[in-house]
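Please read the structure below before turning to the comments.
Every read-out reported here was derived from the displayed coordinates using simple, explicitly stated rules and does not represent laboratory data. These figures come from a predicted structure and were not determined experimentally. All Cβ positions, even for glycine, are placed from backbone atoms using ideal geometry, and neighbour counts span all protein chains on display.
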Amino acid sequence: MKNIPNHVAIIMDGNGRWATKRGLNRSEGHKEGSKTLEKLAIHVLNSGVKYLSVYAFSTDNFKRTKEEVEYLMNLFILMFKSKFKKLDKENIKVIFSGRKEPLRKDVLDAMNEIVDKTRNNTKGILNICLNYGGQEEIVDASKKLIDEVSSGNLKIEDINKDMFYKYLYQDLPPIDLLIRTSGEYRVSNYMLYQMSYSEFYFTDVLFPDFDEKEFDKAIEEFNSRDRRFGKNK
Ligand code: FPP
């Protein structure tokens, strides 16, 4: 029987190259990537995975050109306000991880809208990491912990690696499988705390082409791995 990972994370890379290869503007790659994500999320969460985290926009992505940042923000609004209706129909709950600052109010409103709409859905959770950084998440969690200790609600000796998850942006289980598309072998400041024992799957396929079949290949590969979590064989 297939072993289905509980939490899968995807670094959706290669949208720009997908478009450039076709003589298109980079934004066309992002548009295509958003269609891929919609189909993929439905497939992944229907296959028994309970949590799917995706890297939509890093804190460092604000260093891209103004045009590309604007395009992506407007695409997020479009997806969250209308296109992702399909996800709601599929009973998928959408949540977000990341910092609010300096996201535009209309982007934050669109995020809140889809969170509210899908709040009671039970099929699985799509965690969209937007304005997200892994080191930032650990720093922000540490600040919350320090606040709790200073106000007397928490004792230093009660801090441990398991309860730390509750102070992250979302209280999610550890990542079992991390996928990165487009032939890059980096973690790029993604979910550093949650990936301590993740299996890594790297593929040359560019994200817009990462379809259901490609995901199933990643699951096959995951099933061939021997996960020991530091123990002997
Ligand atoms: C990385 O490819 C991709 C991004 C920075 C954006 C990811 C966004 C989407 C998949 C669009 C839709 C998302 C949602 C949540 C609606 P890249 O631009 O770095 O590609 P390159 O390395 O080929 O330039």
- Task: Would you mind getting me the FRET efficiency between ILE146 and TYR185? Use the beta-carbon distance for r and R0 = 35 Å, nearest 0.05.
- Result: 0.50
- Item | Gain upon complete extension [LYS21, LYS39; 0.36 nm per residue less C-alpha separation] | 4.2 nm
- Message: Sorting check: for 180-192, 30-42, 219-231, 100-112, which peptide has the highest mean count of neighbouring beta carbons within 10 Å, and how do the rest follow?
- Response: 30-42, 180-192, 100-112, 219-231
- What does the convex hull of the alpha-carbon atoms of the chain project to on average, in nm²? 14.4 nm²
- Per residue of the chain, what 222 nm ellipticity follows from adding -39500 (n - 2.57) for every DSSP H run with n ≥ 4, rounded to the nearest 500? -12000 deg cm²/dmol
- The extension gain from ILE138 to LYS89, computed as 0.36 nm times the residue separation minus the Cα-Cα distance, is 14.3 nm
- Using a Förster distance of 35 Å, the FRET efficiency for ASP109-GLU157 (Cβ separation, nearest 0.05): 0.25
- Item | Per-q log10 I(q)/I(0), segment 1-109, q = 0.13, 0.18 Å⁻¹ (Debye; single scatterer per alpha-carbon; no solvent) | -0.54, -1.02
- Item | Debye intensity ratio I(q)/I(0), log10, segment 131-233, q values 0.14, 0.16, 0.19 Å⁻¹ (C-alpha model) | -0.70, -0.84, -1.02
- Note on the structure: Whole-Å distance linking the alpha carbon centroid of segment 201-226 with that of segment 71-121 is 26 Å
